[in-house]
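Here's the structure we're looking at; comments come further down.
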Amino acid sequence: MSKRSLNNRNIVACLWDFDKTLIPGYMQSPLFDAYGIDEKVFWQEVNALPGIYAERGCHVSKDTVYLNHLLSFIKNGPLKGLTNSRLREIGQELKFYPGLPDFFAELKKVPASRPEFRKHDIVLEHYIISTGLAEMIRGSAIAPEVEGIFGCEFIEAPLPPYYSKQSELPLELSFEISQIGSIVDNTIKTRYIFEVNKGSNRNAKIDVNASMGRADRRVPIDHMIYIADGPSDVPVFSVVKNSGGRTFAVFDPENPAEFAQNDSLLHAGRINAYGPADYRSGSTTAMWLRMHVEKICEQIVEECEEALATRVLSAPQHLHKPDPTETAKTPPESTQDELFE
């Protein structure tokens, strides 16, 4: 019995960082504004925490220690009463770079723009992989345009000790955020590349660490484009680019230092190209991304046509009896000689 591939769709995936890639600055800004918190002081304290804790003999992640500091602000008052639903509400206030979120919908039209792409049912999917707050992204204007959001999550009402032995759990009246549910840092981001790659984000039966052949992977990495803003995304840039995918870095057009960072990434071989965080039609960034989505679609068409040519046998033909009146024709002497040269 022949084996059937687990992957039955032709998918192009654009995977996006969030802060400084889709929005200027950091997504927590409207949260701090809503609660009257000095954003500059908050981040100064966050940046100092790893060193302070190290002096106490405790190692913390520089990427995600800010989550613990947010919990301290909730527990001690400045963010009192913060909930996941409130985060989602504040996410509505996020302002995006020019051209967004419309550009996401425009890119999705590319696989429908040519008959050969439509013939092979090619589709494009968007995913956001962020070290920021997933609930804020879910509340933002871009959320309806994406197929998946991977970010840091909070728990509001954690279950008590020995909850499994209780026949009836007490009614939780306070739904204030109190624990971290999941963490995404710049290294963990690579895990979500493979979740999209293997399809474990769509099918819980597929473990992200399971061994799979390329044909069974829902989105081969060479069908992906990863877009982010800079050096902190080097782990993902490396995984995607080294596996045949495309990598693109963006910079704030008003920030020469970010331009220089991206140029360094290009010369170090970390990215394929870079451009301004401007996604309006006609911008160099929009044109580059559109062109490479088309190139991946062309690659998929080529793969599909090659598979068709190698896997589908020729149809049987009607056979005709030879005519006995016809005599075999002897090729000219020169032709016979050539046959043995």
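How big is the stretch 173-312 by the Kirkwood estimate over distinct Cα pairs, in Å?
Working: mean 1/r = 0.0580 Å⁻¹.
It works out to 17.2 Å.
If you run the Gaussian network model on the chain, springs between alpha carbon atoms under 10 Å, then out of T310, T284, T247 the most flexible one is T310. Over all other residues within a Cβ to Cβ distance under 14 Å of E145, the charged ones net out to -1, with Lys and Arg as +1 and Asp and Glu as -1. Comparing G148, G36, G275 in a Gaussian network model of the chain, where Cα atoms under 10 Å apart are tied by springs, the biggest mean-square fluctuation is seen for G36. Over all pairs of different C-alpha atoms in the stretch 1-113, the reciprocal of the mean inverse distance, the Kirkwood hydrodynamic radius, equals 17.8 Å.
D by Stokes-Einstein for the stretch 69-212, Kirkwood Rh over Cα pairs, 10 °C, 1.306 mPa s: 87 µm²/s. Across I137, I188, I221, mean-square fluctuation computed from a Gaussian network of the chain (C-alpha pairs under 10 Å connected) peaks at I188.
Percent of Cα pairs in the chain per distance bin of 20 Å, from zero to the largest separation: 24, 47, 18, 7, 4, 0. Annotation: amide H-H contacts under 5 Å for F251 (H modelled 1.01 Å from N, sequence separation of 5 or more, or interchain): G275, A277. In order along the stretch 129-146, phi translates into HN-Hα couplings of 10, 9, 7, x, 9, 4, 5, 5, 5, 5, x, 7, 5, 8, 3, x, 8, 10 Hz, rounded to whole numbers, per the Karplus curve 6.51 cos²θ - 1.76 cosθ + 1.60 with θ = phi - 60° and x for Gly and Pro.
Here the relative contact order of the chain, from alpha carbon pairs under 8 Å that lie six or more residues apart, stands at 20 percent.
Taking neighbour counts of Cβ atoms within 10 Å as a proxy for exposure, in what order, fewest first, do M224, M287 appear? Provide the component values of the computation, followed by the final result.
Numbers: M224 25, M287 12.
Final ranking by Cβ density, sparse to dense: M287, M224.
The local environment of G91, defined by Cβ-Cβ distances under 12 Å, has a net charge of +1 under the rule Lys, Arg +1 and Asp, Glu -1. Were the residues from A48 through I155 laid out at 0.36 nm apart, the gain over their Cα-Cα distance would be 36.0 nm. Looking at the chain, the DSSP beta bridges with both ends there are about 10 percent antiparallel.
Using the Cβ of I183 as centre and a radius below 10 Å, the other residues enclosed give a net charge of -3, where K and R count +1 and D and E count -1.
Among the listed pairs K75/K165; K165/K189; K40/K75; K108/K295, those with a Cα-Cα distance over 26 Å are K75/K165; K165/K189.
Rule-based calculations on the coordinates, nothing more; no lab input. Computed from a prediction, not measured in an experiment: that's the story for all the values here. So basically every Cβ, Gly included, is an ideal-geometry build from the backbone, and we count neighbours across all protein chains shown.
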